[in-house]
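Colleague: Here you go, one structure.
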Amino acid sequence: MEFSASPVWFIALPLLAAFSAPLWTRWHLLDHLLFGVPLVLLILALGLFPTVHEAPLLETIVIAPPLGIHLHLDSASLLLVTLFCFAVTLVAAFLWLGATDSHLRGRRPFVLILLLLVGGNGLVLTGDLFNLYVFLEIAGVSAYVLSALRDDRPALEAGLKYLIIGSVAALFFLLAVVLVYLQTGQLNLAAVAREFAAIPPAMQGLIALLMLIGLGIKSELFPFNFWVPDVYRGSDPAVTALFSGLLVKAFLFVLVHLAVLIWADPAVARVWLMTLGALTLIVAELAALRQDDMRRMLAYSSLGQIGLIMLALGFFSETTTAGAFFHMINHTLVKLLLFLVAALLLRRCLSLRLEDLAGAARVSPLAAGLFVVGALGVLGLPPFGGFMSKLWMLQGFAEAQRIWPIALILFAALIEAGYYFRWIRVLYAPVAPAASADTKTTPEPWAAYAPLLLIAGLMLLLGVAPFLLETSVVEAAHALLDRDLTLQSVLGVAQ
Amino acid sequence: MHVLLDSLAMIALCYVMGFLFQGFYRQFNARLQRRWGPSIWQNLYDNMKFLLKSETLIHGPMFFFGPMIIAAGAITTLLFVPFLKDSDWLQGVSTHGNLILIIYLLVVGPLGNALAVGSSGNPFGVMGVTRGLTRLMGLEVPFFLGLALVMLQHETTSVHAIMAAQDGIAHWNLITNPIAFAVILLPFIASQNASPFDVVGAPVEVYAGPRVEFGGRLLGVLMTQNMMMTIAKLVLVVDLFLGGASNVLELIAKAFALFLLTTAISAAFPRLKTEQTVDFFWKVPLGLAVLGVVLNVWLI
Amino acid sequence: MLEFLDSPSVLHGLHTIGSLTLFAVGLYGLLGKRHLLKVFISLALMELAVYLLFIALATTPGETAPILSDGLTAFVGMADPVPQALTLTAIVIGMAVLALGVSLAIRYHRLSASADIRTLADAKD
Amino acid sequence: MNLILKLLFLAVSLTPALTLLTWGDGTLAWPLFGGFELLFELGPLSAFFLLLLALGTPLVALPMARGTPDRAAYGLFALLLLGMQMLLLAGDFLGLFIGWEVMTWSSYLLLIRSTRTTLEGAQTYILFNLASAFLLLAGMLVFYSLTGDFRIAPLTEASAAGRWAVFILLGLAFLIKVGALPLHRWIPLGYDQAPDLFSAVLAGLISKMGLYGLLLLPTLFPDALAGLSGRLLNGPAAGYGLAWIGAITAVVATFKAISQQDIKRLLAYSSIAQLGYVVTAIGVGSSLAVGGAIFQTLVHTLVKLLLFITFAGIVLQTGQRRFNDLGHLIDRMPMAFFAVLIGIIGLAGMPPLPGFAAKYLMFVGLIDARWLLLLAAMMLSSTAAFIYCYRLIYGPFLGHANSPEARTATEAPWSYLVPQVVLMGLLVLLGIFPGFAIEVIVDPVLMTLGLTPIGAPSWGELATPYGGYDGVVLMTVFGGAFVIVTALFWLARGQMRRAGSPYDLSFAGEVPTADTPLHYGAGMGRELRRIPLIGWILAHTTAGVQAGLTRQTLAAAGLLGGLYRRDPQTWTLLAVLVLVVASTLLALNGGWF
């Protein structure tokens, strides 16, 4: 059989691997495969870049669109798929190499993490509204269980909360899908986009609102993101790294993608999305100032960054969008780094509260050093990648003579610095670390640090040589924003 | 060679003028207070007596070098002040300096001596130094601002040029820029360490003054430099406001007239505390100076 | 007598009102009830309302099942098959989520002896 | 291993010198994205500041390399150097900003290595510096939106509002860095709490980067800022405000310095005051004043390096850092005494050291601009500085030893003494040859800024249109007079006797004992409070404002954090409410809005 590099592999391969888990358990291959499957997909994705550079790849299933369902791999979705595969590879490597707690080893996490990857990839790849709902639920269910995986009280609380609010979000989205179908008779995104303008305005508004709220809850935008700190607090840091690095990015992309396709009037969409982004950014950063638990702090910081990305994406200018894509990549790297460091510190100091971490740099200097790197990256300080992406977005706003987002972003960054440097200072406090810290636990194997060091190296590389990603990011922005191009490539006709 | 001779002449002239003026001051005050007072040569006798003492008590090397620094500072200062205009003599090295330099040189010596006072370990001496520095801070602002008005008027900091520009009594800065003179007059009295601003080293408060630990030949050196410094400052003001002098007699006459004026003012007022001094300088002379600035810079 | 009910607009209106009522009942339960199982039941009710709405509004009376057989060779007068397929899928997914939720709730109850949603909220760090 | 590490560290500290010597005229470009690139080139202005780095870093690195090597500190120091060099070499704002940020965070990480840093100090340091950095970023983005380019070039085309925006944003950024009032609070906290040797870098080198930025302003707004909004009297109107900021900073910081009880805090405030002069001079903008500013920058670098290194040595040897706890070290640490003596003469700007030349140029510049009230403020600050200079030498070195450590201290190790000697030598040489500094160091910078060079007839002479002075003559006369007077005194008849005990004093008729408080280190300057103006200044501080701001921000944070309830039902309710309200609004408006 001839192998064809089709986007369907990004969904099919992890799905297959997940469902044949009993086999791998028997052959003791779980760790290897959890690492290997996303790695293979990562290599595949990298290999696809030249192809997609020419034209978007369409994988139709059974019938051609608009009737059939299809997967749509353009520069934007390819970039995100690559990112997701990379994130999962890294987390898998961390789980494999670091002597992780038992509940993060074995079949259950193996299945769930791969399903999460399926969900994420599906969300960005699919060209069909109902498929979108299905992938949303796949990603959702695996995320709920991953939250509750540790099976103690906080974890179950987190899982339940996540499940309830996630179901509500899915419900809203489903209602929107139903309404769209009833109004247009179409489920293919491109076809819906073409016919959406014909719907009565009030119904348009209702559908848009339902989608916005449904996806807003999932992608952690401000008035819908109250669940985030609780869930991040209860889950394992290694799992949260995936939520923040993978899941949210997928939903953000979906939200903006839908907004571009369906919301024919970019001016209105811009107002909504930028307002939400700005609110998310400023509220989250301020709220983070008083957090005394590292996971909560990171959760709020993650929210702030999401708001920032939304602000830039919602501006719908090619420069800011390119910057936002770049920032997504950087933010994924940074949050992976920070959450994995949190995982290491948690294992070492048995707590992630501020007062228990005082002087932790003495016990695990490398982890503390990596936390500093992560903090600098998330704050957007050179020479790390975060600076370049932030600069890119800011430069986009400056180019368009928009000053208020610049002021807002810089102000938020200052507040962010306020709490990150407080944590750094606490880690390096000149006091003896808490008594629980240095007893009993053995130091982590060096291998546990390998993925983290790789991330730090990548952050530095992206900061020093941002031009490496320039083409793909700019093309991604182009692909995301150019509505006509998408319609044309799917339906074969220009709008 | 010429410079050396010239410098020696300046030092000698200063010294002679110094003890005579100081002697006159003591006489003058005594008469005002209906006393006979000492002879006009008394300061010379006192000075000689100190300088010829056989034994001197010191507190460490810095204590010894302090008076040397202040004496060197006094000599340097007076050598940078031109005594005469249109003359090759009594010029010292003044062509290599300027007014701002002189103002700063006036401080170098006393600060050097302050090291000696500190080195003595007597807290009262240090207290005196602090008072002196505080007073300096108070007086320097209006003093310098008044001189700046003159520098602005002539667009130069060179004492020579300022002197040369006042070629007749009508062009004396006293006449052309009276506000500047009024501004610097009181700070000038304070910089001479004269009443009513003499709380720092006041004769009856010697126990809290900078000189509390000095005795013997070191005190002699301090006294010598003090007399020379008095004259150097007088000559400087003569140069700046009274048109300078073409010969020694004119110089002495003008300096004496100025000295008489300041002495009269000194005698008329009671002594102020240090902080009162500073507050006074920052209100009256400085206010006057600001007025002068407004008139000179903004209105004219 | 009740033929007017068969006219599509009235029927659709009734279905809409019915499913919206169901939705509202579910929403009330979701917002007002404290027991976790009741909350999940409410969620299920709301989902159900959405499915109903979908099916009801996508069909009109008199349409037949979209199956080509002996006499039927063209898709005429048949119901749109898509909503039904989608609803089936959605029901399966909804079931899965519900089952997961209930199992989590049971485990939670075992650990904390509580199935009250408020104890979730009162959790401390 | 350790030795190799140390040698490597010392080699790193020589990189600024190497860059300065080997760079030449070349430019180096590094692509970023979107057609932007980082451009590095070495102009005379950068070369001047690079010279300061080249002088300063090896001298600080030498004592830092003493003892067991602190790898993290070495690494961070190397990063700091990298950042500063990038900043100086950058030909565009991007490189400037990148260097600036690298400098900021690496210096922060070095700062918190001290055991003395408090949370408040560390937070104040980083937040002020980041605020400065972000203002810089905002300024350069506005600049970009006006010109479409990040190159540092004159901003002539833009609208008045745009140019003012750039001026104010960049000006604020750099003023925070130099610690202008009321944005100075990070300096006393930071300099005080930093590791002792690192304080020298902070005060001597890092603060100069703010001055570099301020000196870029005349590049951006040609004609010495006068292009911005015309002239006032004889100087640029835009600079007048800047000059007053500098002058007020100088005055207030000087009085604050006088009232400090801790040596490093005093030095920190004196740094603020000294840089205040420079700000004023930059505001004046004439070639005399800017020349003075550059000269003052040079002198201040040398002086602060000298003083901080010396006091680091004293703290190392005694463990004490308050005036009250030291005293009479003159016999035990004579080298440190001389270093501090030279240092304070330079700090006070007294002849014959080069501090005077700098002050002279600035004063003349102010007279030339006819800004006499500013001159009065400068004069006030520089005479008041005599008091704290005297405290600096009296407190530790004179008077009576006030702690056991001060009684037994010995001279600092040689690695501290070598930098002291080098710096003292440099200061004295510059004092004798002010013309050399003008000709070789100051004039090229002035020409880059589009100002007429000052020039010097000979190396010893400082000449301005307003007159000048001759450093060689001055030094000769003073030295000669000193030698002659001392020689005469020695040669004359008589003998000298050293007092038998330190308590052999004229002390109000009593005989003091060891228990009598004889050291006047702490109280000195306290009586200044009775002077109304100074009392007012000393009674006010911005700490309250900062604390209030922090409190308000935290309160706002608490309020917003309170939104994040823990109850899933509330979350749902909120989502439903948003839906209802928004769709009602939609229905009422019959459309999108």
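The values are calculated or read from the model by the stated rules, or taken from the named source; none is laboratory data. All values reported here derive from a predicted model rather than from experimental measurement. For neighbour counting, all protein chains shown are included, and Cβ atoms are generated from backbone atoms with ideal geometry for every residue, glycine included.
Colleague: Being closer than 30 Å to D:Thr124 by Cα and of a type in the set (Gly, Ala, Ser) is the filter here, so list the residues in the stretch D:532-589 that pass it.
Modeller: Across the stretch D:532-589, the qualifying residues are D:Gly535, D:Ala539, D:Ala543, D:Gly544, D:Ala547, D:Gly548, D:Ala555, D:Ala556, D:Ala557, D:Gly558, D:Gly561, D:Gly562.
Colleague: Kindly provide the set of residues from the stretch A:443-453 that are assigned to a helix (DSSP H, G or I) and surrounded by fewer than 18 Cβ atoms within 10 Å (Cβ to Cβ), ordered by number.
Modeller: A:Trp446, A:Ala447, A:Ala450, A:Leu453
One line per residue, one yes/no per condition, for (1) among the charged types (D, E, K, R); (2) surrounded by fewer than 17 Cβ atoms within 10 Å (Cβ to Cβ); (3) in contact (Cβ under 8 Å) with a residue 40 or more places away in the chain:
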{"residue": "C:Gly13", "(1), (2), (3)": "no, yes, no"}
{"residue": "C:Arg34", "(1), (2), (3)": "yes, yes, yes"}
{"residue": "C:Leu37", "(1), (2), (3)": "no, yes, yes"}
{"residue": "C:Thr60", "(1), (2), (3)": "no, yes, yes"}
{"residue": "C:Pro83", "(1), (2), (3)": "no, no, no"}
{"residue": "C:Leu104", "(1), (2), (3)": "no, no, no"}
{"residue": "C:Arg107", "(1), (2), (3)": "yes, no, no"}
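Colleague: Do we find that D:Thr584 is within 14 Å of chain C (Cβ to nearest Cβ) and assigned to a helix (DSSP H, G or I) in this structure?
Modeller: no
Colleague: D:Arg407 - would you say it is surrounded by fewer than 20 Cβ atoms within 10 Å (Cβ to Cβ) and either within 27 Å of D:Ala514 (Cα to Cα) or in the same structural domain as D:Phe338 (by TED's automatic domain parsing) (or both)?
Modeller: yes
Colleague: With the structure loaded, tell me whether B:Phe259 is more than 14 Å from chain D (Cβ to nearest Cβ), in a helix (DSSP H, G or I), within 24 Å of B:Thr176 (Cα to Cα) and of a type outside the set (A, V, I, L, M) or whether it fails that test.
Modeller: Against the criterion (more than 14 Å from chain D (Cβ to nearest Cβ), in a helix (DSSP H, G or I), within 24 Å of B:Thr176 (Cα to Cα) and of a type outside the set (A, V, I, L, M)), B:Phe259 qualifies.
Colleague: Which of the numbered conditions does A:Phe315 fail, given that it passes all the others? Conditions: (1) in contact (Cβ under 8 Å) with a residue 60 or more places away in the chain; (2) surrounded by fewer than 23 Cβ atoms within 10 Å (Cβ to Cβ); (3) farther than 25 Å from A:Met459 by Cα; (4) more than 10 Å from every other protein chain (Cβ to nearest Cβ).
Modeller: Result: A:Phe315 passes all but (2).
Colleague: How many residues does the stretch D:317-349 contain that are β-branched (Val, Ile, Thr) and part of a loop (DSSP other than H, G, I, E, B)?
Modeller: The number of residues fulfilling the criteria is 1.
Colleague: For the stretch D:535-566, give me each residue that is touching a residue at least 24 places away in the same chain (Cβ under 8 Å) and hydroxyl-bearing (Ser, Thr, Tyr).
Modeller: Listed by number, the list holds a single entry, D:Thr542.
Colleague: Restricting to the stretch B:113-130, name every residue that is more than 8 Å from chain D (Cβ to nearest Cβ) and surrounded by fewer than 24 Cβ atoms within 10 Å (Cβ to Cβ).
Modeller: none
Colleague: If you don't mind, another one. For the stretch D:114-147, enumerate the residues that are β-branched (Val, Ile, Thr), under 30 Å from A:Gly396 (Cα atoms) and at the interface with chain A (Cβ under 8 Å from one of its Cβ atoms).
Modeller: Passing the criteria: D:Ile126, D:Val142.
Colleague: Just one of the numbered conditions (1) crowded, with 20+ Cβ neighbours inside 10 Å; (2) more than 7 Å from chain D (Cβ to nearest Cβ); (3) modelled with pLDDT under 90; (4) more than 20 Å from D:Ile345 (Cα to Cα) is not true of B:Pro110; which one?
Modeller: (4)
Colleague: Working carefully through the options D:Gly95, D:Gly91, D:Gly75, D:Gly148, find the one that is surrounded by fewer than 21 Cβ atoms within 10 Å (Cβ to Cβ), closer than 21 Å to A:Val464 by Cβ and more than 21 Å from the chain's Cα centre (by Cα).
Modeller: Testing whether each residue is surrounded by fewer than 21 Cβ atoms within 10 Å (Cβ to Cβ), closer than 21 Å to A:Val464 by Cβ and more than 21 Å from the chain's Cα centre (by Cα) leaves just D:Gly75.
Colleague: For residues that are part of a helix (DSSP H, G or I) and surrounded by 23 or more Cβ atoms within 10 Å (Cβ to Cβ), scanning just the stretch A:464-478, find the one that is nearest to the other protein chains (Cβ to nearest Cβ).
Modeller: Restricting to residues being part of a helix (DSSP H, G or I) and surrounded by 23 or more Cβ atoms within 10 Å (Cβ to Cβ), the top hit is A:Val473.
Colleague: Pick from the stretch A:355-404 the residues that are over 24 Å from the mean Cα position of the chain (by Cα) and not in a helix (DSSP H, G or I): which of them is surrounded by the most Cβ atoms within 10 Å (Cβ to Cβ)?
Modeller: Restricting to residues being over 24 Å from the mean Cα position of the chain (by Cα) and not in a helix (DSSP H, G or I), the top hit is A:Ser364.
Colleague: Filter the stretch D:500-546 for residues that are assigned to a helix (DSSP H, G or I) and β-branched (Val, Ile, Thr); which is farthest from D:Trp186 (Cα to Cα)?
Modeller: Out of the qualifying residues, it is D:Ile534.
Colleague: A further question follows. Using the structure shown, decide if A:Leu350 is away from every other protein chain (no Cβ under 11 Å), out of contact with any helix residue (DSSP H, G or I) (no Cβ under 7 Å at 6 or more places or on another chain) and surrounded by fewer than 21 Cβ atoms within 10 Å (Cβ to Cβ).
Modeller: Judged against the criteria, A:Leu350 is a match.
Colleague: Let me ask something additional. Could you tell me whether B:Glu155 is in contact with a Ser or Thr (Cβ under 6 Å, 6 or more places away or on another chain), within 8 Å of chain D (Cβ to nearest Cβ) and over 30 Å from D:Asp515 (Cβ atoms)?
Modeller: no
Colleague: Follow-up question, since we're still on this one. When you check B:Ile70 against the structure, is it farther than 26 Å from D:Pro334 by Cβ and modelled with pLDDT of 90 or more, yes or no?
Modeller: When the stated conditions are applied, B:Ile70 does not pass them.
Colleague: When both residues are 6+ apart or on different chains and their Cβ atoms are under 8 Å apart, which pairs have a first residue that lies in the stretch A:408-422 and is under 14 Å from D:Glu101 (Cα atoms), and a second that is outside any helix (DSSP H, G or I)?
Modeller: So the pair list comes out as A:Ala413/A:Gly380.
Colleague: Would you point out which residue out of D:Leu554, D:Leu560, D:Leu549, D:Leu574 is exposed (fewer than 13 other Cβ atoms within 10 Å of the Cβ) and either touching a helix residue (DSSP H, G or I) at 6+ places or on another chain (Cβ under 7 Å) or more than 14 Å from chain C (Cβ to nearest Cβ) (or both)?
Modeller: Answer to the selection: D:Leu549.
Colleague: Restricting the stretch D:21-57 to residues that are without any contact (Cβ under 8 Å) to a residue 60 or more places away in the chain and in contact with a Ser or Thr (Cβ under 9 Å, 6 or more places away or on another chain), which is farthest from the other protein chains (Cβ to nearest Cβ)?
Modeller: D:Ala54
Colleague: Scan the stretch D:348-358 residue by residue and report those that are within 19 Å of the chain's Cα centre (by Cα), within 8 Å of another protein chain (Cβ to nearest Cβ) and not hydrophobic (A, V, I, L, M, F, W, C).
Modeller: Matches in the stretch D:348-358: D:Gly349 only.
Colleague: Taking the stated definitions as given, is B:Phe83 touching a Ser or Thr at 6+ places or on another chain (Cβ under 9 Å) and either without any contact (Cβ under 8 Å) to a residue 40 or more places away in the chain or part of a helix (DSSP H, G or I) (or both)?
Modeller: no
Colleague: Would you say A:Leu206 is within 14 Å of chain D (Cβ to nearest Cβ), surrounded by fewer than 22 Cβ atoms within 10 Å (Cβ to Cβ) and either of a type in the set (A, V, I, L, M, F, W, C) or outside any helix (DSSP H, G or I) (or both)?
Modeller: yes
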